[in-house]
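The values are calculated or read from the model by the stated rules, or taken from the named source; none is laboratory data. None of these values were measured; they are calculated from a predicted model. Cβ sites come from the backbone with ideal geometry, for glycine too, and all protein chains shown count toward neighbours. SASA here: full protein model, heavy atoms, side chains in, ligands and nucleic acids out. Shrake-Rupley method; radii C 1.70, N 1.55, O 1.52, S 1.80 Å.
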Amino acid sequence: MKNKIIKDALVLLAITLVAGVALGLVYEITKTPIAEGAEKAKQEAYSAVFADATFEEDEAVTAKVKELGQTYDGAIVTEVLVAKGSDGSVAGYVMSLTAKEGYGGAITLTMGVKADGTISGLTVLEASETAGLGAKCKEPEFQSQFPGKHGPNMEVVKGGGAKETQIDAISGATITSKAITKAVNAGLNIVAEIQGN
């Protein structure tokens, strides 16, 4: 009986070692393509929220964001890049944000802000919100409310966000709508801070 236990333990050890080595090899093989895919998706998201621009990291902007802290008024700012026009001038900024207060958890989004403080675009990338309710935050009907608006004091209203600083809540998903709007306000505040306003 003792020999059988030792034999079984050695077999399990061998299986575990082989599986561990195989998993490590798969990780090494796939990590570069996964990172490249993520970078490509991020660049596409930035192009979607700020068309006809190139995006560059700026040391002063990065330093300012670090000074303000990654967590800023209901959002986590993961990246802010300068959007430059075809003539090389600063056309605005693009950023990756995570809204921390979604109904189903964190909501990841990208946002573009023109140099004059106008939102150029917004795309929700990831959200674990309720299907048919908060998940509608990924639909153009909700996201299209943000471009052209100024902040940073936007508010969520029910039944018609016709005013410049209002966003119409998703029906049955006010928490989701407020979380995204709060993250957008945080992004607009960051841009104002970067510009010294």
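If we scan region 36-45, do we find a residue that is in contact (Cβ under 8 Å) with a residue 40 or more places away in the chain and either among the hydroxyl-bearing types (Ser, Thr, Tyr) or on the phi > 0 side of the Ramachandran plot (or both)? Taking every residue of region 36-45 in turn, none turns out to be in contact (Cβ under 8 Å) with a residue 40 or more places away in the chain and either among the hydroxyl-bearing types (Ser, Thr, Tyr) or on the phi > 0 side of the Ramachandran plot (or both). Just one residue in the set ILE34, ILE29 is modelled with pLDDT of 85 or more, among the β-branched types (Val, Ile, Thr) and open to solvent by 40 Å² or more (accessible area, probe 1.4 Å); that residue is ILE29. Considering region 71-92, and only residues there that are open to solvent by 20 Å² or more (accessible area, probe 1.4 Å), out of contact with any Asp or Glu (no Cβ under 7 Å at 6 or more places or on another chain) and part of a strand (DSSP E or B), the residue that is farthest from SER120 (Cα to Cα) turns out to be THR71. Within region 54-70, the residues that satisfy the criterion of being open to solvent by 80 Å² or more (accessible area, probe 1.4 Å) and either at pLDDT below 85 or at positive phi (or both) are LYS66, GLU67, GLN70. Is there a residue being of a type in the set (A, V, I, L, M) and assigned to a loop (DSSP other than H, G, I, E, B) anywhere in region 51-59? Yes: region 51-59 contains one or more residues that are of a type in the set (A, V, I, L, M) and assigned to a loop (DSSP other than H, G, I, E, B).
Of the residues examined, LYS84 is not one that is within 13 Å of the chain's Cα centre (by Cα) and of a type in the set (Lys, Arg). Taken over region 109-127, the criterion of being closer than 22 Å to GLU193 by Cβ and of a type in the set (S, T, N, Q) is satisfied by THR110, THR118, SER120.
When you check LYS31 against the structure, is it within 20 Å of GLU193 (Cα to Cα) and assigned to a helix (DSSP H, G or I), yes or no? No, not satisfied. Within region 140-197, restricting attention to residues that are open to solvent by 40 Å² or more (accessible area, probe 1.4 Å) and among the β-branched types (Val, Ile, Thr), which residue is farthest from the chain's Cα centre (by Cα)? For region 140-197, the residue satisfying everything is THR165. Only one of the numbered conditions (1) within 30 Å of GLU129 (Cβ to Cβ); (2) loosely packed, with under 10 Cβ neighbours inside 10 Å is not met by ALA41, and that is (2). Could you check THR118 against (1) under 21 Å from ASP73 (Cα atoms); (2) open to solvent by 30 Å² or more (accessible area, probe 1.4 Å) and say which number it fails? Result: THR118 fails condition (2) only.
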